[in-house]
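Engineer: The structure is given below, and queries will be raised subsequently.
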Amino acid sequence: MTSAASNPKKEIRVNAFALHSPVHHSPGMWRHPRDRSLEYNTLDYWVDLAKTLERSLIDSLFMADSIGVNDVHGGNLDTALRHGAQVPKQDPLMSLSAMAYATRNLGLCVTSNANHEPPYVFARRMSTLDHLTRGRIGWNIVTGFAKSSVKVLGKDQVASRDERYDIADEYMDVVYKLWESSWENGASVRDTATGVFADPSKVHRVDHEGKYFRVQGIHMTEPSPQRTPVLFQAGSSARGQRFAGHHAEGIYLSGPSKKVLTPVVAGTRAEAVKAGRDARDIQFFTMATIITGRTTREARDKYEDYRRYVTPEAALAMFSGWTGIDFSTYDPDEPIRYMQLDAGTSSALEGFTRLDPERIWTVRELALHNAIGGRGPVFIGAPNEVADALEDWVDETDIDGFNLSYAVTPEAYEDFADLIVPELQARGRYKTRYAPGTLREKLGGRSSLLNERHPGAAFRRYPSRPLRNTP
Ligand SMILES: Cc1cc2nc3c(=O)[nH]c(=O)nc-3n(C[C@H](O)[C@H](O)[C@H](O)COP(=O)(O)O)c2cc1C
């Protein structure tokens, strides 16, 4: 493993972080006169955003998603609904092909829960998108924690964290079989002279009989450029790190300080090694919000202006949803303490408690902090100050880059393109053009396929070489 210190100048990678909702991580900002969040249900907004991201050479757009709602705060959904706090929320998949059509290089990563939808239909949809985007698709594998998300699917209880990850492990086996083993290379013949479309001897039925899933049949889709989409994961509990060590090629993190991230990065890299992979087979992106201007003064003025629109109550409702703790029952000046949670995400709470014991957060402070940019840091300043902070976080925590959240959209991404990108490029810390190939190759992979060390590669029945059988 290369230490962060021995590789101080690694290129900083950046994704943009979004949700098909009027609010993602900065509740209240949709009221700002320059904000376009209320257009979340239009293709114009998403296509314009995709073009802006590509102008910034951003690696990918990461679309969060869940069918859960923030109904823990006050024991109901009122606060979330009143502020549009991640409700309503649309299916993010629909906008992806329009964004892909308007861009050439931007990666498009979408969240889907490995406990909800049958793996067969999901695998087919991802393969379709990977074809349509010519290999620019990524999947954020989540396991869920909200009771509301299982109740709409006819279940009463959320499975325990361990079981949710066990189900996800088997889900991965099923989708690897479909993506990697069903169609051999060369199965799709497309021979206009003979009239043979596919060679039946090279298309294999998947027979999966497991504890949670039974699947019999061929993958409905011929192999897409990446076969398996680039795999991301966002859980950081010990079990989450083990899952990530096996499957993830990228991890989305969040935490208010560097201290919180460092052990998670080191722990997950160690899990990758235990799983027979390389520590550097996983890239880490932490959530961050940038508020910048040409000068420090301009940036601070922007921040003060934004603050006039924040709704900390909605931020608390979102954090209550994340953790399963009803913070409306707490005194605002009460310090937040760690407790073990199974329904919610202990790791969200850990970031504000035991991972940094020197910093005591009260409920009020947490609500204010999370009201702009959620659980990640907010970097406010002139381009050189922001670039200093970005470099510092990458070099000290061994992350690979950031997941850029926003206060005001698309202003945050326009500012990133115009002010931060040139500063990082001048320091040699940011690309000056996209690498060719699929998303996996753009992120540094040697081929468009999972590398040989990845457990998904074990399902192959074909020699591993870049697959280019789509037109
Ligand atoms: C940056 C980040 C983004 C996440 N995005 C989603 C999401 O879009 N949908 C979802 O259901 N969970 C999301 N999660 C939650 C995680 O997938 C995971 O369920 C949670 O962190 C609990 O897992 P853990 O207990 O292993 O930490 C996200 C978590 C983080 C840190």
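The values are calculated or read from the model by the stated rules, or taken from the named source; none is laboratory data. Everything numeric here is computed off the predicted structure, so don't read it as measured data. Please note: Cβ atoms are built from the backbone with ideal geometry, for glycine as well, and neighbour counts cover all protein chains shown.
Engineer: Go through (1) under 23 Å from Arg125 (Cα atoms); (2) within 11 Å of the ligand (Cβ to nearest atom); (3) in contact with a Lys or Arg (Cβ under 9 Å, 6 or more places away or on another chain) one by one and return the number of the condition Ala198 breaks.
Structural biologist: With (1) under 23 Å from Arg125 (Cα atoms); (2) within 11 Å of the ligand (Cβ to nearest atom); (3) in contact with a Lys or Arg (Cβ under 9 Å, 6 or more places away or on another chain) applied to Ala198, the lone miss is (2).
Engineer: Still on this structure, I have one more. Do you know which residues across segment 201-240 are of a type in the set (Gly, Ala, Ser), more than 16 Å from the ligand (Cβ to nearest atom) and touching a residue at least 60 places away in the same chain (Cβ under 8 Å)?
Structural biologist: The answer is Gly217, Ser224.
Engineer: Okay, moving on. Looking at (1) without any contact (Cβ under 8 Å) to a residue 24 or more places away in the chain; (2) away from the ligand (no atom under 16 Å from the Cβ), find the lone condition where Tyr338 falls short.
Structural biologist: Only one criterion in (1) without any contact (Cβ under 8 Å) to a residue 24 or more places away in the chain; (2) away from the ligand (no atom under 16 Å from the Cβ) is unmet by Tyr338, namely (2).
Engineer: Residues in segment 391-416 that are of a type in the set (A, V, I, L, M) and under 12 Å from Thr289 (Cβ atoms): how many?
Structural biologist: 4
Engineer: Do you know which of the residues in segment 267-312 that are away from the ligand (no atom under 16 Å from the Cβ), acidic (Asp, Glu) and under 25 Å from the mean Cα position of the chain (by Cα) is farthest from Asn370 (Cα to Cα)?
Structural biologist: Residue satisfying both the conditions and the ranking: Asp278.
Engineer: Let me ask you something else. Could you pull out every one of the strands (runs of 3 or more DSSP E) wholly within segment 92-197 that has 2 or more residues that are under 23 Å from the mean Cα position of the chain (by Cα) and modelled with pLDDT of 95 or more?
Structural biologist: Where strands (runs of 3 or more DSSP E) fall fully within segment 92-197 and carry at least 2 residues being under 23 Å from the mean Cα position of the chain (by Cα) and modelled with pLDDT of 95 or more, they are 107-113, 137-142.
Engineer: For segment 198-317, list the helices (runs of 4 or more DSSP H) that sit wholly inside it and hold at least 2 residues that are within 26 Å of His131 (Cα to Cα); which are they?
Structural biologist: Counting at least 2 such residues, we get 238-247.
A quick yes/no check of all residues on (1) modelled with pLDDT under 90; (2) surrounded by 19 or more Cβ atoms within 10 Å (Cβ to Cβ); (3) touching a helix residue (DSSP H, G or I) at 6+ places or on another chain (Cβ under 9 Å):
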{"residue": "Asp331", "(1), (2), (3)": "no, no, yes"}
{"residue": "Glu334", "(1), (2), (3)": "no, no, yes"}
{"residue": "Tyr338", "(1), (2), (3)": "yes, no, yes"}
{"residue": "Gly351", "(1), (2), (3)": "yes, yes, yes"}
{"residue": "Asp356", "(1), (2), (3)": "yes, no, yes"}
{"residue": "Leu390", "(1), (2), (3)": "no, yes, yes"}
{"residue": "Ile399", "(1), (2), (3)": "no, yes, yes"}
{"residue": "Asn403", "(1), (2), (3)": "no, yes, no"}
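Engineer: Go over the candidates Ala85, Ala80 one by one and state the one that is part of a helix (DSSP H, G or I), within 16 Å of the ligand (Cβ to nearest atom), surrounded by 24 or more Cβ atoms within 10 Å (Cβ to Cβ) and over 18 Å from the mean Cα position of the chain (by Cα).
Structural biologist: Ala80
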